[in-house]
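The values are calculated or read from the model by the stated rules, or taken from the named source; none is laboratory data. Remember, it's a predicted structure, so these values are computed and weren't measured experimentally. The area values use the complete protein model at the heavy-atom level, side chains included, leaving out ligands, DNA and RNA. Shrake-Rupley method; radii C 1.70, N 1.55, O 1.52, S 1.80 Å.
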Amino acid sequence: MERFRADGFDEFVAARWSALLHVARLLTGGDRQRAEDLLQEALVKLWFAWPKVAEQAPEAYVRKVLVRMAARSARRRWWGERPVGELPDRPEPGDVSATVAERSRLEAALALLSPRQRAAVVLRYYEDLPEAQVAHALGCPVGTARSHASRGVARLRQLLSDTVRPVG
């Protein structure tokens with residue numbers, strides 16, 4: 001039984017780990033440690049369901065588990081402080097750090113969305129899933145998933161359009 005269960009599982013995890021980790025990271029608002037924990041738990045659930053979903057759609061199964069677990073974990077009130085040793089420098093033009101800063105800014109804005117809006121935006125626009133698959137992953141009608149994505153994008157636009165003015 002164990003050998004049958006492992007057939008293809010290791011290859012699937014090796015091939016899709018980085019992409020699934022990135023989705024988990026976006027779903028957790030950029031928190032890499034929470035994303036790794038979330039993905040690890042989702043893969044454990046996949047392991048037990050592998051004989052049933054291996055031939056169908058294991059990635060869709062993992063995405064659905066990730067969305068549900070991220071929403072559940074977002075209800076927790078406190079995840080701990082995130083101390084910073086020193087304030088970041090301003091990026092210079094053409095500097096790679098500008099890209100990293102923009103990505104961090106997007107992850108911070110995603111973290112401010114509700115868990116369902118964040119999941120809808122990530123699945124629809126990052127994963128480029130059709131609305132029907134997003135709705136299936138969220139466990140809601142297509143119209144509701146479309147509303148979550150639309151409101152999430154509108155909120156992201158609002159958050160990202162706010163400019164930070166330097167002090168001094």
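Points worth noting:
- Candidate residues Glu127, Glu41: accessible-area rank, largest first, probe 1.4 Å: Glu41, Glu127
- Of all accessible heavy-atom area on the range 1-74, the percent that carbon and sulfur account for (1.4 Å): 52
- Span from the the range 23-48 Cα centroid across to the the range 111-146 one, whole angstrom: 17
- Heavy-atom accessible area ranking, 1.4 Å probe, most first, across Val96, Val67: Val96, Val67
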